[in-house]
Amino acid sequence: MTVEEFCELIEKEYYYFMYKGKRLFPFNCHTSANVISSYLSVHFDNSFVHRTFRNGATFHGWSKSDNICVDFTCIQSGIGSYEHILTNPAKNLSKDDVFNIIQEIRKEHSYLGIIDKDLDRWYSWCGVLDIEDLHGLEHAKKVENPFTINGFMSYVKDAYDEVDHKVKGCYSPLST
């Protein structure tokens, strides 16, 4: 299984998990990047890192290996009128509703795919790029069936809160 195939496999479940979570999806980029980078580093390619961009109060995080980037929260830059729907505290959308909204955002902004060859080129000209420590590695190593949706979602449920707590510093404007 390739990274691309795996991302397609987990996409709908993972988006829904993040939507229902404590963070303000899709503005949970650093937690998502760290969770995904940890998992992909253990089960696909140990060159995956949690890459960050900062320029003053502007920041973003994604997963990066030597030849591919993965960004499940890239839609935040094109969220527009959907922001009030996806960030509503009631969290009353169905899994299909969340996924359909994400697909609509992608139709409007075709460059906002999960997979990119190199996101560094988008950010390096106007800010500072860095690499964060991976906090989900030990959780990822425990997964018995890593190439299944159940294996991945079990990992996410186990690791997400701990990783979220450890990357809180990345969220300057959202930290409480």
Cα-based shape type of region 1-156, given that a ≥ b ≥ c are square roots of the gyration tensor eigenvalues and the cut on a/c is 1.5: oblate
Average Cα contact separation per residue, the chain, under 8 Å, 6 or more apart, as relative contact order %: 30 percent
Relative exposure of VAL35, VAL167, VAL98, judged by other C-beta atoms within 10 Å (fewest first): VAL98, VAL167, VAL35
Long-range amide H partners of LEU93 with built H, under 5 Å: none
Sorted by Cβ density within 10 Å, fewest first, the residues ASP71, ASP116: ASP116, ASP71
Where only C-alpha atoms are counted, convex hull volume of region 77-119 per residue in Å³: 79 Å³
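FYI, it's all coordinate maths here, none of it is from the lab. Just so it is clear, the model here is predicted, and its values are computed rather than measured. With ideal geometry, Cβ positions are generated from the backbone for all residues, glycine too; neighbour counts draw on all protein chains shown.
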